[in-house]
Each structure stands twice: as structure tokens, then as C-alpha cells.
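The values are calculated or read from the model by the stated rules, or taken from the named source; none is laboratory data. Just so you know, these numbers come straight off a predicted model, no measurement behind them. Positions of Cβ are backbone-derived with ideal geometry, glycine not excepted, and every protein chain shown enters the neighbour counts.
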Amino acid sequence: MAKTKNRTKVKATAKAKPASKPSSKAKLFTIGYEKAKPDAVMAELKRAKVKLLVDTRAVAASRKPGFSKRQLAASLDEEGIAYLHLQKLGTPEEGRQAARSGDIDTLWRVYNKHLKTPEAIAAMDELVSIVKSGQPVCLLCYERDKDCCHRTRIAEIVQERTGASVVDLAPALF
């Protein structure tokens, strides 16, 4: 996919209430499962001691075995990791099509607009509250390259509002 250097930053204040007190102890992980097997993703989550996986896909279905919502939630549960699907933080169809065609500028334009919707604001507020609780949380999406994935935008906003450190996990390739 083509990358662009002219990405505009999303300002959390345009979408959500400011954080009361950022917590520098909080950690937010992100992971993409592209080119990885479920076992490799699980190993990374366990290594990082993640307690909650937040699925940020608009459509939590996958042609890759083990990554559809029910299968993934069941596998995580077996490992003692909770699952939450925040669908409203997912990329709208137009943005997903742009990403597939390599039009990253359009992806960011569409996603930035989406983040201003009441549904996305509410989902972001929920995520921020969870991260503030201090439990190790990981955002999941498909893209392996965080720079081409909307989860990076989510992580930036959460970091701004909570002071959490962001760590990008990279599961072993198959």
C-alpha cells in the first residue's frame, strides 16, 4: 500500500471530552493479524500480559480462520483474555475500500470524519475509560503495518486523553 507523509493529526478535543487526569502507568498495545496465525497473535498477547483485546474492526468477520468474532472471543477466553468489539471505532466502508486500493489519504479523510460521529465518540469514551482503569488493553485490526491502519489513530487519541504509553505488537509471520 502507498503511504503518505501528509497525514493530518486527529484532535481528540473535536471528538470527545478531555481527560480528567492522564495516567502515565496505563499501557495500550496494538496488533494487526495480517500474515499471522492465531497462535502467533495469542503468543504476543500473552507475552505482553494483555487482559482485554478490543476489536476495532467495523466488520468482525474474517476469511482467515480463527479471526472471526466468535472464534476469536472463544480462543481468547481459553487464555484468560477478555474480548470487546467496539464496532463504532471501525473504518467505514469507503475508508476500507480506499485502504485496499492504496489511497491512504482518502482512508484518513474518511476515518477522521467518522471519528466525529456521536457513535464513534461514545465508543472512544468507553475505550478511554477502560484504559484509564489500568488494565493492559490491546487494539486489534487486520493491517500488520500500523501506519496504514486506523488503530494508530485510535491509539493516538487514547494516548492524548490518558497519557498511556502505546506499544505496537508484531506477531510472528506464517
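May I ask you to verify whether Arg70 is basic (Lys, Arg), modelled with pLDDT of 95 or more and under 13 Å from the mean Cα position of the chain (by Cα)? Here the answer is no, as Arg70 does not meet what is asked. The sole residue among Leu115, Leu107, Leu76 that is surrounded by 20 or more Cβ atoms within 10 Å (Cβ to Cβ) and in contact with a strand residue (DSSP E or B) (Cβ under 7 Å, 6 or more places away or on another chain) is Leu76.
Determine, yes or no, whether Leu84 is of a type in the set (A, V, I, L, M), in contact with a Ser or Thr (Cβ under 7 Å, 6 or more places away or on another chain) and not in a helix (DSSP H, G or I). Considered against the rule, which asks whether it is of a type in the set (A, V, I, L, M), in contact with a Ser or Thr (Cβ under 7 Å, 6 or more places away or on another chain) and not in a helix (DSSP H, G or I), Leu84 comes out as no.
Taken as a whole, the structure places Asp125 among residues that are among the charged types (D, E, K, R), surrounded by fewer than 19 Cβ atoms within 10 Å (Cβ to Cβ) and under 16 Å from the mean Cα position of the chain (by Cα).
Reported count of residues in the stretch 108-123, each being closer than 16 Å to Glu160 by Cβ and out of contact with any helix residue (DSSP H, G or I) (no Cβ under 6 Å at 6 or more places or on another chain), is 4. Just one of (1) more than 12 Å from Leu28 (Cβ to Cβ); (2) modelled with pLDDT of 95 or more; (3) surrounded by fewer than 21 Cβ atoms within 10 Å (Cβ to Cβ); (4) under 14 Å from the mean Cα position of the chain (by Cα) fails for Ile81. It is (4).
For the stretch 1-50, the set of residues classified as assigned to a helix (DSSP H, G or I) and either buried (at least 17 other Cβ atoms within 10 Å of the Cβ) or modelled with pLDDT of 95 or more (or both) consists of Ala12, Pro38, Asp39, Ala40, Val41, Met42, Ala43, Glu44, Leu45, Lys46, Arg47, listed by residue number. Scanning the stretch 88-96 turns up at least one residue that is small (Gly, Ala, Ser) and either surrounded by fewer than 16 Cβ atoms within 10 Å (Cβ to Cβ) or out of contact with any Cys (no Cβ under 9 Å at 6 or more places or on another chain) (or both).
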